[in-house]
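> Sharing a structure here in structure tokens format.
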Amino acid sequence: MAQKKTAAEVVQAARSADKISTKTLINGLFNDFVELHGDRNGGDDPAIIGGIARLGNRAVTVIATQKGETVEEKIATHYGDPEPEGYRKALRLMRQAAKFNRPIITLINTAGAYPGADAEAHGQGEAIAALLQASYDLPVPFIATIFGEGGSGGALALACADEVWMFENSIYSVLSPEGFASILWKDSTRADEAAGLMKLTPNDLLDMKIIDTIIPEPANQDRLLKNLKKKLLLKLADLSQLSGEELIQKRLARFREF
Amino acid sequence: MNLFKRKPYVETHPHRQPERHFNQKVPDNMFIQCPHCKEGAYYKAFGAFRVCPNCGYGMRLKAQERLDMLTADYTPWDTELQTKDPLNFPGYDQKLAKAQAATGLNDSVWTGEARIAGANVALGIMDPFFIMGSLGTITGEKITRLFERALNKQLPVVIFTASGGARMQEGMPALMQMAKISQAVARHSAAGLFYLTILTDPTTGGVTASFAMQGDIIAAEPHTLVGFAGRRVIEQTIHKKLPEDFQSGENLQKHGFVDSIVPREKLGAFIAQVVRLNQPEEE
């Protein structure tokens, strides 16, 4: 791994415009991806892409947040901040994965759940709460990877998994360093200082056992994708040794430690 | 005009104590302004339940005060647990000591077994005066154990929520409590046991996005602030002012997220009623 960055540098790298896009990740890791839309409750949120695909020779369910590449996509996805309709789509697809015994792979890069008026009225809190509870009855392997920003409850909603991984240049935090600084010191410009206190880097979170693995992030995206795919395949093979009940018990034990 | 006539100045003696004792007869806090409707009222008009006589808003309560309003028959649980301060956060130990002294709690929730109007329940009461009722690692541990013990004892769970969200001084371990508690709720629920949440002012952030919204029945006190994102954050995001009552229990009820708005003085009877209706029939 490259020379150790400061927390503020990791925050910057996590948000970098050069960060691999969700679509590149999905296309690079999976074959036969079929995108599935809608929460079956009146909405479809483009900030969450969901679908089925093949990883190696195994069918999997893929759920990913996306910040969008074009201006239109960035506006439609609120730069990757999901609305309740997105979380409900994710829940629907997770339940579908359980039904067909497909492993669940989530890919996360979001500053957090979208703080909009409609999102609030449509039950942002309830939608996230339902996902957190669902991790109790998903008897299939579940691996979550944070590849950029992992913003608070909006990221956790997709990360109550058997394994939680983070890219080398990613963060996972209870709120943004800017928000943290503005609440604590009434001064959002002290975000860099806040980042240092918050323990939001992959190394800090690995030490606290909040995450299980750090994924190296070489500049060459093909190498990155190849390595991540290999790791996912190995871990899925590993987790597939366990029964659904064993997976759930192990998952509960993992989170019970905190 | 008589230039030398003394003007009728009044002499003042700022350092002398007033001889009349009006101040002692009218102490502070005799008149209370309701934070919701802004009407003032004589403090006694708020009554034993501390409810605004004008609009029905219930003043924020310490956990112990709320407990005393509900029952005298209770056993506290897990009063000794103390946070390990996972971030070694500067100044946090003083903040905690102050909150503990102010509320008499080890962290932001009181938990225990209680008998309310004849119904036995596992009870949790969050304290908005303990670092804004924020969800820390010990808050999470106490609530998780509440559900685990309730499962062992086959008891229903009742939680009064009041929280500013995950406690930022405890960082990611605080966020993880949302997942830990949610799984404990799910286990309790899968055993066919009943969970009632009562949203009280204010219930926001990570608590709204986890156990506050996981009850089989979700009730709220009148004019309770309930939301996920903060009001200012939403207004800055959408560049619009929100209606005054946008994040209220009443508005959430209109959108289908709250079962019932229950006045504070009727909560004890309400709890006993729904607990009994959710218990298996006895032969």
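> Among the residues of the stretch B:241-253, are any assigned to a helix (DSSP H, G or I) and among the charged types (D, E, K, R)?
yes
> Name the one entry in B:ILE138, B:ILE198, B:ILE159 that is in contact with a Leu (Cβ under 7 Å, 6 or more places away or on another chain), under 24 Å from B:ALA269 (Cβ atoms) and more than 10 Å from chain A (Cβ to nearest Cβ).
Criteria check complete, one pass: B:ILE198.
> Would you say B:HIS223 is in contact (Cβ under 8 Å) with a residue 40 or more places away in the chain and either within 14 Å of chain A (Cβ to nearest Cβ) or within 20 Å of B:ASP127 (Cβ to Cβ) (or both)?
yes
> Okay, next question. With the requirement that a residue be of a type in the set (D, E, K, R) and either at positive phi or in a loop (DSSP other than H, G, I, E, B) (or both), what does the stretch B:254-283 give you?
Within the stretch B:254-283, B:ASP259, B:GLU281, B:GLU282, B:GLU283 qualify.
> Here is a further query. Need the failing condition index for A:LYS67 against (1) in a loop (DSSP other than H, G, I, E, B); (2) over 17 Å from A:LEU36 (Cα atoms); (3) under 15 Å from the mean Cα position of the chain (by Cα); (4) within 14 Å of chain B (Cβ to nearest Cβ), just the number.
(4)
> From the list A:TYR79, A:TYR87, which one is crowded, with 24+ Cβ neighbours inside 10 Å, of a type outside the set (A, V, I, L, M, F, W, C) and touching a residue at least 12 places away in the same chain (Cβ under 8 Å)?
Answer to the selection: A:TYR87.
> Among the residues of the stretch A:198-212, is any of a type outside the set (D, E, K, R), in contact with a Gly (Cβ under 7 Å, 6 or more places away or on another chain) and buried (at least 19 other Cβ atoms within 10 Å of the Cβ)?
Looking for residues that are of a type outside the set (D, E, K, R), in contact with a Gly (Cβ under 7 Å, 6 or more places away or on another chain) and buried (at least 19 other Cβ atoms within 10 Å of the Cβ), one finds at least one in the stretch A:198-212, hence yes.
> Select from the stretch A:37-59 the residues that are out of contact with any Asp or Glu (no Cβ under 9 Å at 6 or more places or on another chain) and in contact (Cβ under 8 Å) with a residue 60 or more places away in the chain and list them in ascending order.
Passing the criteria: A:LEU55, A:GLY56, A:ARG58.
> Of all residues in the stretch A:181-192, count the ones that are within 11 Å of chain B (Cβ to nearest Cβ) and surrounded by 16 or more Cβ atoms within 10 Å (Cβ to Cβ).
Adding up the residues that qualify gives 3.
> I've got another one for you. Within the stretch A:31-76, count every residue that is among the small types (Gly, Ala, Ser) and crowded, with 18+ Cβ neighbours inside 10 Å.
6
> While we're looking at this one, here's another question. I'm trying to understand the selection: among the residues of the stretch A:24-69, which are basic (Lys, Arg) and touching a strand residue (DSSP E or B) at 6+ places or on another chain (Cβ under 8 Å)?
The answer is A:ARG54, A:LYS67.
> A:ARG58 fails exactly one of the following numbered conditions: (1) under 30 Å from A:ASP192 (Cα atoms); (2) of a type outside the set (Gly, Ala, Ser); (3) in contact with a Pro (Cβ under 8 Å, 6 or more places away or on another chain). What is the number of that condition?
Checking A:ARG58 against (1) under 30 Å from A:ASP192 (Cα atoms); (2) of a type outside the set (Gly, Ala, Ser); (3) in contact with a Pro (Cβ under 8 Å, 6 or more places away or on another chain), the one that fails is (1).
> Tell me, yes or no, whether the stretch A:199-212 has at least one residue that is more than 12 Å from every other protein chain (Cβ to nearest Cβ), within 25 Å of A:GLU83 (Cβ to Cβ) and modelled with pLDDT of 95 or more.
Scanning the stretch A:199-212, I find no residue that is more than 12 Å from every other protein chain (Cβ to nearest Cβ), within 25 Å of A:GLU83 (Cβ to Cβ) and modelled with pLDDT of 95 or more, so the answer is no.
> Looking at the stretch B:248-262, which of its residues are at the interface with chain A (Cβ under 7 Å from one of its Cβ atoms) and surrounded by 16 or more Cβ atoms within 10 Å (Cβ to Cβ)?
Correct list: B:PHE257 only.
> Filter the stretch A:218-234 down to the residues that are surrounded by fewer than 19 Cβ atoms within 10 Å (Cβ to Cβ), part of a helix (DSSP H, G or I) and under 20 Å from the mean Cα position of the chain (by Cα) and list them by number.
A:GLN221, A:LEU225, A:LYS226, A:ASN227, A:LYS229, A:LYS230, A:LYS231, A:LEU233, A:LEU234
> Residues that are closer than 21 Å to A:ASP222 by Cα and not in a loop (DSSP other than H, G, I, E, B): does the stretch A:33-46 have at least one?
yes
> Moving on to the next point. Can you tell me which of B:GLN177, B:GLN169, B:GLN154 is within 7 Å of chain A (Cβ to nearest Cβ) and either at positive phi or of a type outside the set (Asp, Glu) (or both)?
After ruling out the rest, the residue left standing is B:GLN177.
> Then there's this: Taking into account only those residues within the stretch A:134-178 that are over 17 Å from A:PRO82 (Cα atoms) and small (Gly, Ala, Ser), which is modelled with the lowest pLDDT?
Filtering the stretch A:134-178 for residues that are over 17 Å from A:PRO82 (Cα atoms) and small (Gly, Ala, Ser), the one modelled with the lowest pLDDT comes out as A:SER135.
The values are calculated or read from the model by the stated rules, or taken from the named source; none is laboratory data. On a predicted model such as this, the values are computed, not experimentally measured, just so you know. Note that each Cβ is placed from the backbone with ideal geometry, even for glycine, and that neighbours are counted across all protein chains shown.
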